[in-house]
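Input: a single structure, listed below in structure tokens.
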Amino acid sequence: TVVYVIDASGPMISSLSDVLAEVNRSVASLLPTQRFGVVLFRQNGHDSGTVSFSTELLEASPRNREQLRRWLGTV
């Protein structure tokens, strides 16, 4: 089981596309029997929050990996 927690705020914005590409690469290397989750967190001054790919851990099936790839493309 792997959970990727990604800082998507402030100084990380400039390298976020590289980080997301690395998450995609890492998830692609998981076995289909492994489970994963992805959480993005942002902090802008006093405003902060998180966004999750899914509310539960998912198997690293080809379908779930493709859904993650598409979701990360919208970030």
Inset, instruction - Might you let me know whether region 26-36 holds any residue that is modelled with pLDDT under 95, under 14 Å from the mean Cα position of the chain (by Cα), closer than 14 Å to W71 by Cα and surrounded by 10 or more Cβ atoms within 10 Å (Cβ to Cβ)? - result: no
Inset, instruction - Inspect all residues belonging to region 3-10 and state whether any of them is modelled with pLDDT under 95, of a type in the set (D, E) and open to solvent by 60 Å² or more (accessible area, probe 1.4 Å). - result: no
Inset, instruction - Identify all residues within region 1-29 that are in a loop (DSSP other than H, G, I, E, B) and either within 17 Å of L72 (Cα to Cα) or among the charged types (D, E, K, R) (or both); write none if there are none. - result: A8, S9, S29
Inset, instruction - May I ask you to say which residue of E56, E22 is at pLDDT 95 or above, under 15 Å from Y4 (Cβ atoms), within 11 Å of the chain's Cα centre (by Cα) and open to solvent by 40 Å² or more (accessible area, probe 1.4 Å)? - result: E22
Inset, instruction - Only residues in region 55-75 that are in a loop (DSSP other than H, G, I, E, B) count as the first member; pair them with residues that are at pLDDT 95 or above and surrounded by 13 or more Cβ atoms within 10 Å (Cβ to Cβ), Cβ under 6 angstrom, at least 6 apart or cross-chain, and list the lot. - result: L57/R35; L57/G37; A60/L30; A60/Q34; A60/F36
Legend entry - Boolean, R69 is open to solvent by 60 Å² or more (accessible area, probe 1.4 Å), in contact with a helix residue (DSSP H, G or I) (Cβ under 6 Å, 6 or more places away or on another chain) and of a type outside the set (A, V, I, L, M): yes
Legend entry - Leading residue by the ranking (farthest from R63 (Cα to Cα)) among those in region 37-48 that are of a type outside the set (G, A, S) and modelled with pLDDT under 95: H46
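The values are calculated or read from the model by the stated rules, or taken from the named source; none is laboratory data. Quick caveat: nothing in here was measured; it's all calculated off a predicted structure. Neighbour counts run over all protein chains shown; Cβ positions are idealised from the backbone, glycine included. Surface areas here come from the heavy atoms of the whole protein model, side chains and all, with no ligands, DNA or RNA. Shrake-Rupley method; radii C 1.70, N 1.55, O 1.52, S 1.80 Å.
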